[in-house]
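Student: Take this structure, written in structure tokens, and hold onto it; I'll ask about it next.
Please treat every number below as a calculation from the coordinates, not as lab data. Predicted model only: the values in this text are computed from it and were never measured. Note that we place each Cβ from the backbone using ideal geometry, even for glycine, and neighbour counts take in every protein chain shown.
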Amino acid sequence: MQRKVHVVVVTGLSGSGKSTAIKAFEDLDYFCIDNLPVPLLPDLLSLFQKDMPDLCKIALGIDIRERKFLKDYDKIFKSFDDSGYRLEILFLEASTDVLQRRFSQTRRVHPATTSDSVLLDAIHEERAQLKALRARATRILDTSNYSVHQLKAFITRSYGLVSVNGRMSIQVLSFGFKYGLPFESDMVMDVRFLPNPYFVEELRHQDGCSPAVQAWVMQWPAVQELIADYSALLLKLFPSYATEGKRYLTIALGCTGGKHRSVVIAEKVAAALRQHGYPINTFHRDIHLE
């Protein structure tokens, strides 16, 4: 088998959103199995290779409920590597107080709870048991401040353009600083120094995807220079990121509210990068929040 199948093992702390993440992967056409018994993995790999040759994206939800996983995960991960899969470990976590609140609201029983322990003890115990696995993770995602919809949006942004040929997946993301930095960003460019169409009455209620706003922003030489220079810098850096094994790269551009300038610049930078053959996905996180 050629190394082309992308496998995401979704794991982490109970209550951190693993089931929501698996559903998001399903929406992205990943073949998903949640809480798979570890003894079935060898047969599953054999099935994929023999009977599902066109399968290229797999997401497996495995956590502390599958006790054998915690003992054998090194062997499990090696089996994927030996079988030619491109493996990623996505580890979800959240702060202790958030996990307590989530379990209290849903009235679920924490899987690490024993007859003589309370919820807080169970959370601490699970965190300790998963410490070594967390250290092995490809990507760690803290979902403390994420709603269900925000977590799904993150999965879509991060995995919507995963390439099966091993090429780096690149996202260009616009955002508003007033709503916080996108924590998944690898590079952040602040474009608040550019002229702001918010102060033009007829443009204030339009967004950066509208031709009128784009034309107004693009009229300024500083904007044109920024797009040219920043695109050139990115094109120079991309090969080095890829050489270092970077699989995902998120480039974030921010203005005050994430509605005008950052949207325009993100669209123009993405267009410039596409001209050089890079597959780029563009997202505008805060465009509808103003």
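Student: Give the percent of DSSP beta bridges with both residues in the chain that are antiparallel, rounded to the nearest 5. Write down the numbers at each step before the final one.
Tutor: Numbers: 0 of 37 bridges.
Bridges in the chain that DSSP calls antiparallel: roughly 0 percent.
Student: For Ser169, list long-range residues whose amide hydrogen, built 1.01 Å from N in the peptide plane, is under 5 Å from its own amide hydrogen.
Tutor: Ser163, Tyr248, Leu249
Student: For Leu233, Leu130, what ranking results if the residue with the fewest other Cβ atoms within 10 Å of its Cβ goes first? Provide the component values of the computation, followed by the final result.
Tutor: On the way: Leu233 12, Leu130 21.
In order of increasing Cβ crowding within 10 Å: Leu233, Leu130.
Student: Quick check on segment 1-84: what does the Kirkwood estimate of hydrodynamic radius come out to from the alpha carbon pairs, in Å?
Tutor: 13.3
Student: Given a Förster radius of 41 Å and the C-beta distance between Lys246 and Asp121 as r, what FRET efficiency does 1/(1 + (r/R0)^6) yield to the nearest 0.05?
Tutor: Working: r = 39 Å, r/R0 = 0.94.
Working from the Cβ atoms, E equals 0.60.
Student: Among Leu55, Leu92, Leu173, determine the one that fluctuates most according to a GNM of the chain built with springs between C-alpha atoms less than 10 Å apart.
Tutor: Among Leu55, Leu92, Leu173, the largest GNM mean-square fluctuation belongs to Leu55.
Student: Quickly estimate the mean residue ellipticity at 222 nm for the chain, helices only: each DSSP H run with n ≥ 4 gives -39500 (n - 2.57), and the total goes over all residues, rounded to 500. Please list the in-between numbers first.
Tutor: Numbers: 10 runs with 122 residues, N = 290.
Result for the chain, helices only: -13000 deg cm²/dmol.
Student: Still on this structure, I have one more. Extension gain Thr96-His276, at 0.36 nm per residue separation less the Cα-Cα distance, in nm? Mind showing how you got there, number by number?
Tutor: Working: separation 180, 0.36 × 180 = 64.80 nm, distance 4.51 nm.
Working it through step by step, the gained length comes to 60.3 nm.
Student: Give me the percent of Cα-Cα pairs in segment 169-284 that sit more than 22 Å apart, rounded to a whole number.
Tutor: On the way: 1971 of 6670 pairs.
Across segment 169-284, Cα pairs with separations above 22 Å total 30 percent.
Student: A further question follows. With a cut-off of 8 Å between alpha carbons and a minimum separation of six or more residues, what is the relative contact order of the chain in percent?
Tutor: On the way: 467 pairs, mean separation 59.8, N = 290.
Dividing the mean separation by the residue count of the chain yields 21 percent.
Student: State log₁₀ I(q)/I(0) for segment 85-193 at q = 0.11, 0.14, 0.15 Å⁻¹ as given by the Debye formula over alpha-carbon point scatterers of equal weight, solvent excluded.
Tutor: The Cα Debye sum returns log10 ratios of -0.51, -0.77, -0.85.
Student: Quickly work out the Ala135-to-Leu36 label distance, labels modelled 7 Å from Cα along the C-beta direction, and quote it in nm with one decimal.
Tutor: 2.6
Student: Helix 67-82 versus the longest principal axis of the chain: what angle, 0 to 90°, nearest 10, using Cα atoms?
Tutor: Helix 67-82 and the main axis of the chain meet at about 60 degrees.
Student: Next question, about the same structure. Note down, for segment 6-159, the three equivalent ellipsoid semi-axes (square root of 5 times each alpha carbon gyration tensor eigenvalue), biggest first, whole angstrom. If you can, show how the numbers build up before the last one.
Tutor: On the way: eigenvalues 143, 68, 32 Å².
Semi-axis lengths for segment 6-159 are 27, 18, 13 Å.
Student: List Tyr30, Tyr146, Tyr179 from most exposed to least, where exposure is judged by having the fewest other Cβ atoms within 10 Å.
Tutor: On the way: Tyr30 23, Tyr146 20, Tyr179 15.
Fewest-to-most Cβ neighbours within 10 Å comes out as Tyr179, Tyr146, Tyr30.
Student: Say each of Glu26 and Met187 gets a label point 7 Å from the Cα, pointing the same way as Cα to Cβ; how far apart are those two points in nm?
Tutor: Rounded to a tenth, the inter-label distance reads 3.7 nm.
Student: Tell me which label goes with the value of Rg/Rh (Cα atoms, Kirkwood Rh) computed from the coordinates here: (1) 0.99; (2) 1.29; (3) 1.03.
Tutor: Checked against the structure: label (3).
Student: I'd like the distance separating the alpha-carbon centroids of segment 247-290 and segment 187-225, in whole Å.
Tutor: Computed from Cα coordinates, the inter-centre distance equals 13 Å.
Student: Which ordering of Thr96, Thr243 is given by a fewest-first count of other beta-carbon atoms within 10 Å?
Tutor: On the way: Thr96 15, Thr243 8.
Fewest-to-most Cβ neighbours within 10 Å comes out as Thr243, Thr96.
Student: A follow-up question, please. Gain in length, Cys209 to Lys78, computed as 0.36 nm per residue apart minus the alpha-carbon separation, to one decimal in nm?
Tutor: This chain segment gains 42.6 nm when fully extended.
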